[in-house]
Structures are given as C-alpha cells and as structure tokens.
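Working notes, structure below.
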C-alpha cells in the first residue's frame, strides 16, 4: 500500500465528470470502497460497504465507491446504488495502481494532501474497522460497527490489477 497517492490521477464519475484527485479532495477527504464488479468477492461485500459508507454521510469526508469498470457496467453492477452514492469509474485502474493496493475489495481513507491515512484490502472486519476508526477520528464522527449482523465471513479478495 502506498503512503501517498498522486493528486494528478483523474477520477471520473459514473456520469462522466472527470477531474484530478486534487480537485475531489479540495474540501473533503475521500472515504472510498474500491470494488471489482467482475468478481464474486466484490458483490459479497457490497451491502456491507454501502452500510459503512452510509454511516459517514454527514461527516467531513466524501464517501464514494470506485469501480474498476466503465460507467455502463458500474450502473449494471450497482443498480439503484449508482444513484445513491458518488461513484467513480476506474476501468484502467489508475487510482488502484496509485493506491498500491494488491487486493480488492479495498477500503481506503485518502486525506486532502494525498496521504493514504488508512487502508484495508480484502474483507477483514478488523482492518475495515481500523479504517473506519481513522475516518471517525479525523472527522470527529462515530465509526460504524464492523462487523455487523449480515456481514460476510472474512475473505482475502482478488488481485487488484485484474
């Protein structure tokens, strides 16, 4: 995992708006769940990921999903969630490479200066809880319960670069 990510990496929303990371973190840090919609593992954790992100909606952090596919496929994978969350599409996996993650799904907290404050790879509830606690500490918010009833059993995940 990288300790910083380049702020010139472009992130494109599911609606097609593209900006460098630097512009997305001008006002708020990023709390991102990175998913590969082509894997079962990402579908297994989707409900949990959206529950965790939902818990931070009022905090001073931009909650979002990053999907490693084009917008049309992200919409198919997410269904109505595509309208409920800020969704970035990263089909070339530039953001994923910039983070230096090896395994997806991933839960990452990127500060406004590009530092990767906390990150978890795969679905390891203790690691996701640590990321949530880092977000909560930085935003004076309350971290959600991880794991919660209905969350999947821990699993390693799949290769981040496909």
Quick note on 153, 18, 32, 43, ordering by fewest other C-beta atoms within 10 Å, gives 153, 18, 43, 32
Nearest 5 percent is fine: what portion of the DSSP beta bridges confined to the chain is antiparallel? 65
Spin-label pair residue 39/residue 94, simplified geometry with 7 Å Cα→Cβ offset, distance in nm: 2.2
Add -39500 (n - 2.57) for each DSSP H run of 4 or more in the chain, then divide by its residues: what number comes out at 222 nm, to the nearest 500 deg cm²/dmol? -9000 deg cm²/dmol
Taking the chain as a Gaussian network, where each spring joins two C-alpha atoms under 10 Å apart, which residue of 122, 112, 79 fluctuates the most? 79
Note: residue 6 to residue 72 extended length (0.36 nm per residue) minus current alpha-carbon separation gives 21.1 nm
Give me the extension gain from residue 60 to residue 102: residue separation times 0.36 nm, minus the current Cα-Cα distance, reported in nm with one decimal. 12.4 nm
If you take the Cα Rg of the chain and divide it by 2.2 N^0.38 Å, with N the number of residues, what do you get? 0.92
Neighbour-count ranking [beta-carbon atoms within 10 angstrom, fewest first] of 89, 69: 69, 89
Separation in nanometres of the label points that stand 7 Å from Cα toward Cβ, at residue 13 and residue 26: 1.4
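None of the figures in this text is laboratory data; all of them are computed from the coordinates on show. Computed from a prediction, not measured in an experiment: that's the story for all the values here. So basically every Cβ, Gly included, is an ideal-geometry build from the backbone, and we count neighbours across all protein chains shown.
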